[in-house]
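Input: a single structure, listed below in structure tokens.
What follows is calculated from the coordinates using simple rules that are stated; it is not laboratory data. The shown structure was predicted, so the numbers you read here are calculated from the model rather than taken from an experiment.
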Amino acid sequence: MELIKQIKDAEKQAREMVDKAGQDAAALSQKAKTDRDSLLKQAQRARQQSIDCAVAESQKKGTAEVQQLSQQGEQEIDALKKACSTKIQGCVDKVLSHLQQAL
């Protein structure tokens with residue numbers, strides 16, 4: 001009789017141990033899922049921050065490049081105007097001369 005009681009107690013303890021192990025496994029699984037989700041959100045935030053920084057840097061570089069090209073274009077236009085101004089004046093003088101001779 002005592003042996004049967006001990007066997008039942010042992011079975012009960014075994015069931016309790018299995019149940020506790022199942023609960024521990026479920027808790028551990030939930031914690032791992034929570035940790036994974038947290039790490040994923042951190043990674044997504046870091047990725048978005050990297051993208052935002054890259055976009056801001058590109059905009060800054062683009063603006064600087066546009067300004068540089070604009071200044072370069074203005075300088076080239078000024079150089080062309082200077083180079084052409086003497087030629088234009090020469091052409092004007094020739095046209096006036098021809099007109100005066102024609103009259």
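Of all residues in the stretch 29-58, which are hydroxyl-bearing (Ser, Thr, Tyr) and over 9 Å from the mean Cα position of the chain (by Cα)? Please lay out each step first, then the result.
Just the residues of the stretch 29-58 that are hydroxyl-bearing (Ser, Thr, Tyr), to begin with: 29, 34, 38, 50, 58.
Selection gives Ser29, Thr34, Ser38, Ser58.
Would it be correct to say that Thr86 is among the hydroxyl-bearing types (Ser, Thr, Tyr), assigned to a helix (DSSP H, G or I) and within 31 Å of the chain's Cα centre (by Cα)? Full working, then the answer.
On the way: among the hydroxyl-bearing types (Ser, Thr, Tyr): yes; assigned to a helix (DSSP H, G or I): yes; within 31 Å of the chain's Cα centre (by Cα): no.
So Thr86 does not fit the description; no.
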